[in-house]
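Asker: Quick one: the structure is below, and I'll ask about it shortly.
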Amino acid sequence: MSKVRYAMVIDLRRCIGCHSCSVACKSENSVPLGVYRTWVKQVEKGRYPQVSKHFLPTLCNNCENPICLQNCPTKATYRRDDGIIMVDEHRCIGCKYCIYSCPYDVRYVNPLKRYVQKCYWCFHRVDAGLEPACVDTCPARARIFGDINDPNSEVARLIATNPVQVLKPEKATIPQVYYIGADFQTMKARGLGHEGEGWKR
């Protein structure tokens, strides 16, 4: 029997850009003001009156080949057996090497505690048999979480039966967040983090 490997599918055919995922994440994980573990990128395309809006929820990809883990000098970043990438707050010295090396701009220094944090897929909920808060809260069921190694899981079935995309595949990090129906220009728009051009909060 293969070991558990968690992954997330984000079905953008369903996403309505309501930001419920971002709010749920902040509430569940006590994320301070000014920083985010997940957010929804919004890009407007076209010219009036032919304008369309596209959404791209973004979070840590908990990669199979994470650059952040390789570059952490204190080994504060580590991988659980189920693939979730963690940060040991007692080892982290806030050097930001992991932040600078992450291609997805999904880590931050907690302004109150002074160590690096990120999305851990609500591992405390997962360990209790629950879904991550963002998945549980999404009113459109655009986020699906589960064991990608289980062919009967919803995430495995969705990936097997739909064209999926990942962010920046050229970085060879093997992201474990898969998008269905992503808009190419939205994925390529400047900046992936919650700062910079192409973003609206």
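The values are calculated or read from the model by the stated rules, or taken from the named source; none is laboratory data. Every value quoted in this text rests on a predicted model; they were computed, and no experiment measured them. All Cβ positions, glycine included, derive from the backbone under ideal geometry; neighbour counts span all protein chains shown.
Asker: Considering only residues that are more than 14 Å from the chain's Cα centre (by Cα) and either in a helix (DSSP H, G or I) or among the hydrophobic types (A, V, I, L, M, F, W, C) (or both), which ones fall in region 36-49?
Answerer: Val43
Asker: Filter region 103-130 for residues that are touching a Cys at 6+ places or on another chain (Cβ under 8 Å), more than 19 Å from Pro32 (Cβ to Cβ) and not aromatic (Phe, Trp, Tyr) and give the result.
Answerer: Leu130
Asker: From the list Cys92, Cys15, which one is among the hydrophobic types (A, V, I, L, M, F, W, C), assigned to a loop (DSSP other than H, G, I, E, B) and within 23 Å of Val164 (Cα to Cα)?
Answerer: From the options Cys92, Cys15, the qualifying one is Cys15.
Asker: Right, something else. Any residue in region 42-59 that is at positive phi, free of Cβ contacts under 8 Å to residues at least 40 places away in the same chain, surrounded by 14 or more Cβ atoms within 10 Å (Cβ to Cβ) and in contact with a strand residue (DSSP E or B) (Cβ under 9 Å, 6 or more places away or on another chain)?
Answerer: Pass one, region 42-59, residues at positive phi: 46.
When the remaining residues are screened for being free of Cβ contacts under 8 Å to residues at least 40 places away in the same chain, the result is 46.
Now restrict to residues that are surrounded by 14 or more Cβ atoms within 10 Å (Cβ to Cβ): none.
The answer is no; no qualifying residue exists.
Asker: Identify the residue in region 126-176 that is among the basic types (Lys, Arg) and closer than 24 Å to Asn65 by Cα and, among all such residues, is nearest to the chain's Cα centre (by Cα).
Answerer: This residue is Arg143.
Asker: Shifting gears a bit: Can you name the number of the only condition in (1) surrounded by fewer than 13 Cβ atoms within 10 Å (Cβ to Cβ); (2) at pLDDT 95 or above; (3) under 21 Å from the mean Cα position of the chain (by Cα) that Lys75 fails?
Answerer: If we test Lys75 against (1) surrounded by fewer than 13 Cβ atoms within 10 Å (Cβ to Cβ); (2) at pLDDT 95 or above; (3) under 21 Å from the mean Cα position of the chain (by Cα), just (3) comes out false.
Asker: Go through region 1-12 and give me each residue that's among the hydrophobic types (A, V, I, L, M, F, W, C), under 17 Å from Cys119 (Cβ atoms) and either in a loop (DSSP other than H, G, I, E, B) or in contact with an Asp or Glu (Cβ under 9 Å, 6 or more places away or on another chain) (or both).
Answerer: Quick first cut of region 1-12, residues among the hydrophobic types (A, V, I, L, M, F, W, C) only: 1, 4, 7-10, 12.
Then keep just the ones that are under 17 Å from Cys119 (Cβ atoms); that gives 7-10.
Ala7, Val9, listed by residue number.
Asker: Sticking with this one: Among the residues of region 95-122, write down those that are touching a helix residue (DSSP H, G or I) at 6+ places or on another chain (Cβ under 6 Å) and in a loop (DSSP other than H, G, I, E, B).
Answerer: Residues satisfying the conditions are Cys102, Pro103, Arg107, Cys122.
Asker: Could you look through region 18-30, keep only residues that are free of Cβ contacts under 8 Å to residues at least 40 places away in the same chain and not in a helix (DSSP H, G or I), and pick out the one that is nearest to Cys119 (Cα to Cα)?
Answerer: Ser30
Residue by residue, here is whether (1) under 18 Å from Lys188 (Cβ atoms); (2) touching a Phe, Trp or Tyr at 6+ places or on another chain (Cβ under 8 Å) holds:
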| position | (1), (2) |
| --- | --- |
| Val35 | no, yes |
| Val40 | yes, yes |
| Glu44 | yes, no |
| Val51 | no, no |
| Pro66 | no, no |
| Thr74 | no, no |
| Val87 | no, yes |
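Asker: How many residues does region 78-97 hold that are surrounded by 15 or more Cβ atoms within 10 Å (Cβ to Cβ) and within 20 Å of Phe123 (Cα to Cα)?
Answerer: 8
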